[in-house]
Amino acid sequence: MEGAKSSPPNTRIAVVTGGNKGIGFEVCRQLASGGATVVLTARDETRGTAAVEKLKGLGLPDVVFHQLEITDASSIAGLADFLKTRFGRLDILVNNAAIGGVEYVHELDTDEEKFSGLDYHQRLEWLEKNVNESVDAAKQGVQTNYYGTKHVIEALLPLLQSSSDGRLVNVSSEYGLLTVINNEEVRQELNGIDNLTEKRLDELLDTFLKDFEAGGTGEAHGWPTGFAAYKMAKVAMNAYSRILAKRHPELRINCAHPGYVKTHMTMSSGVLTPEEGAHNVVKVALLPDGRPTGLFFALGEEASFV
Ligand SMILES: NC(=O)c1ccc[n+]([C@@H]2O[C@H](COP(=O)([O-])OP(=O)(O)OC[C@H]3O[C@@H](n4cnc5c(N)ncnc54)[C@H](OP(=O)(O)O)[C@@H]3O)[C@@H](O)[C@H]2O)c1
């Protein structure tokens, strides 16, 4: 019955953003295979419902679609209303949706053959050479990957707090480690979680974008290069996750680097399959009870934010 609170009491309710393809789709599949009721969200209704049908075709009936454009406040509010009415709580939120924050030079070419013989670093080098770092794309990258994700979290936090075991996984990246910033003072500030504020994160992102706009890359100020905006947004997301984890000890809030994965974002240049990348995210979402919060996990294992 539409509108009624549904799902057996022991079934976990999970939301995945950007669930229509890549790592997000696989996270949906793996969570649903493990018995969770999954709300697969996508910004495009056609792509999202097609993904849900694909999962149903794989024998996973407990997957429902809801539209979510993470940069649109009314779309976020619509998802929050749906979850509140339908389930009354949320147990797992996987913030997966993101963009590269760059302009891709080629149309997506899924021919992986051209990468055979190239090692990890050669593939990354190829990827960085085949994108343009325009100011518009950088701004969009920060808006989507940091602010869009943050707004989703803010809207869904009360629902996670209604769960007896609310878990939030922000899909991060090794590109979000503090080592991407070539300025010791800024690195220390971002690592000083006891004093760091959301307002300061906003200021740092503003300064980064201004310097990027003024200097092409902002490299002279110690900002990252090569997917610069993507890196800054993930750095900020990691720091925000740590702030939130301190503020909400009742929740488990962690960041997960899936690995370098063959998806649209990497133009299929990665070394892992989406299934392998998603496994590294799902492992964090399903950490055994009592595990700590406010951590960074790389390839499913606890690692440093630095
Ligand atoms: N691939 C890697 O090697 C790698 C490495 C480290 C971290 N990650 C992270 O893993 C996550 C998934 O990336 P992926 O590689 O699977 O990328 P992908 O294949 O490009 O998928 C990205 C997903 O995000 C969605 N999305 C983008 N902007 C959105 C918006 N404004 N609102 C709602 N959905 C939006 C996309 O929807 P559309 O289909 O509509 O575009 C798509 O479903 C990202 O957080 C990424 O940063 C990836």
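The values are calculated or read from the model by the stated rules, or taken from the named source; none is laboratory data. Nothing here was measured: the structure is a model prediction, and the numbers come from that model. Glycine also receives a Cβ, built like all others from the backbone with ideal geometry; neighbour counts cover every protein chain displayed. The protein model used for the area step is the full one, side chains on, heavy atoms only, and it has no ligands, DNA or RNA in it. Shrake-Rupley method; radii C 1.70, N 1.55, O 1.52, S 1.80 Å.
How far apart, in nanometres, would the label points at T217 and E198 be if each is projected 7 angstrom from Cα along the Cα-to-Cβ direction?
If labels sit at T217 and E198, their model points lie 3.3 nm apart.
Give the long-range amide H neighbours of A298: residues separated by 5 or more places, or on another chain, with amide H under 5 Å away, using H modelled in the peptide plane at 1.01 Å from N.
Under 5 Å from the amide H of A298 lie the amide H atoms of H257, A303, each far enough along the sequence or on another chain.
Give the cross-link partners of K234 among the lysines, using a straight C-alpha distance below 29 Å as the criterion and excluding same-chain residues fewer than 8 apart.
Partners within reach: K21, K84, K114, K129, K139, K150, K199, K210, K246, K262, K283.
How would the stretch 13-303 be classified by its alpha-carbon gyration tensor: rounded, prolate or oblate, with rounded meaning a/c under 1.5 and the a/b versus b/c comparison settling the rest? Can you show the working numbers first?
Working: a/c = 1.61, a/b = 1.20, b/c = 1.34.
It is oblate, given that a/c is not under 1.5 and a/b is not larger than b/c.
Sort the stretch 188-306 into rounded, prolate or oblate with this rule: let a ≥ b ≥ c be the square roots of the eigenvalues of the Cα gyration tensor; rounded if a/c is under 1.5, and if a/c is not under 1.5, prolate when a/b is larger than b/c, oblate otherwise.
Details: a/c = 2.84, a/b = 1.18, b/c = 2.40.
Oblate, since a/c reaches 1.5 and b/c is not below a/b.
As I understand it, the dipole of the chain uses +1 on the Cβ of Lys and Arg and -1 on the Cβ of Asp and Glu, about the Cα centre. Which of L196, A51, G259 lies farthest toward its positive end?
Result: A51.
Only Cα pairs under 8 Å and at least 6 apart count here; give the relative contact order of the stretch 13-303 as a rounded whole percent. Don't skip to the answer; put the middle values down first.
Details: 557 pairs, mean separation 58.5, N = 291.
Taking the mean separation of contacting Cα pairs over the length of the stretch 13-303, I get 20 percent.
Under 5 Å between amide hydrogens, which residues at least 5 positions from H66 or on another chain qualify, with H placed 1.01 Å from N in the peptide plane?
L40, T41, A42
Treating only the Cβ of Lys, Arg, Asp and Glu as charged (+1, +1, -1, -1), what charge dipole size does the chain show about its Cα centre? Round to the nearest 20 debye.
Numbers: 30 positive and 41 negative charges, 220 e Å.
It comes to approximately 1060 debye.
Work from the charge dipole of the stretch 163-291 (Cβ charges, +1 for Lys and Arg, -1 for Asp and Glu, about the Cα centre) and give the residue of L205, A285, S173 farthest towards its positive end.
A285
Sort the following peptides by mean Cβ neighbour count (other Cβ atoms within 10 Å, averaged over residues), highest first: 80-86, 278-284. Please report the intermediate quantities before stating the final value.
Working: 80-86: 16.7, 278-284: 23.7.
For the peptides 80-86, 278-284, the packing ranking is 278-284, 80-86.
Which of the peptides 296-304, 167-175 is most tightly packed, and how do the rest follow, judged by the mean count of other Cβ atoms within 10 Å per residue?
Values: 296-304: 16.3, 167-175: 24.4.
Top to bottom by mean Cβ count within 10 Å: 167-175, 296-304.
For the stretch 95-200, with the dipole built from +1 on Lys and Arg beta-carbon atoms and -1 on Asp and Glu ones, taken about the Cα centre, which of V131, H121, L159 lies farthest toward the positive end?
Going by the charge dipole, the pick is L159.
Run the quick spin-label model on E250 and N132: label points 7 Å from Cα toward the beta carbon, then report their separation in nm to one decimal.
Here the modelled spin labels are 4.9 nm apart.
Let me check against my output: what whole-number percent is the relative contact order of the stretch 159-297, with C-alpha pairs under 8 Å and at least 6 apart? List each step's numbers first, then the result.
On the way: 196 pairs, mean separation 43.3, N = 139.
Result for the stretch 159-297 is 31 percent.
May I ask you to give the percent of accessible area on the chain that is carbon plus sulfur, with a probe radius of 1.4 Å?
On the way: 6670 of 13550 Å².
Carbon and sulfur: 49 percent of the exposed surface of the chain.
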